[in-house]
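Okay, so here's the structure we're looking at.
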Amino acid sequence: MSLELQVMAQMKEAMKAKNEALLRGLRAIKAALLLAKTSGSGDLTTDDEIKLLQKLVKQRKDSLEIYRQQNRTDLAQKEEEEIQVIETFLPKQLEADELKAIIQQIITETGAASPSDMGKVMGVASKQLAGKADGKTISAVVKELLAN
């Protein structure tokens, strides 16, 4: 079942249950999917859908950080609720230990030895770990492992 069909089915259930938080998150996903379809080449691949969902989560996390700095707990709570809804459609994120092990293997395969080789490692890691970890986390782990 495509992401769009899943979202539509859950929207119906959320409307029946009058679950506003779930409905807000689902509407955000639906809007982003429609925008991507109309501005792009049409149908989205699974990878495109994952990237789109990750972008939505990142936008909300950025907003959440700003709202917390400004002590706007009402808006921060809405962002947190939407993040939880959107993340249910993303693949399970890797644990820190698993991520380090995979990146260590990539470093070994690419022959990277110093922080100046970060670009080589990031290119491979970003492709291999797409959808399983966010870029900021991958970058931090790569820096840490290359610094040692």
Extreme residue, modelled with the highest pLDDT, among residues of segment 23-47 that are part of a helix (DSSP H, G or I) and over 15 Å from Val7 (Cβ atoms): Thr38
Contacts under 7 angstrom Cβ, first residue in segment 137-148 being closer than 14 Å to Ile102 by Cβ, partner polar (S, T, N, Q), 6 or more apart: Ile138/Ser126; Leu145/Gln104
Total residues in segment 1-39, condition of a type outside the set (S, T, N, Q), within 18 Å of Lys78 (Cβ to Cβ) and surrounded by 14 or more Cβ atoms within 10 Å (Cβ to Cβ): 13
Residues (more than 20 Å from Ala32 (Cβ to Cβ) and basic (Lys, Arg)) located in segment 70-126: Arg72, Lys92, Lys100, Lys120
Filter result for Ala101 (farther than 26 Å from Thr46 by Cβ and either of a type in the set (A, V, I, L, M) or out of contact with any Phe, Trp or Tyr (no Cβ under 9 Å at 6 or more places or on another chain) (or both)): no
Restricting segment 40-82 to residues that are over 18 Å from Arg27 (Cα atoms) and among the β-branched types (Val, Ile, Thr), the residue that is surrounded by the most Cβ atoms within 10 Å (Cβ to Cβ): Ile66
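The values are calculated or read from the model by the stated rules, or taken from the named source; none is laboratory data. On a predicted model such as this, the values are computed, not experimentally measured, just so you know. For neighbour counting, all protein chains shown are included, and Cβ atoms are generated from backbone atoms with ideal geometry for every residue, glycine included.
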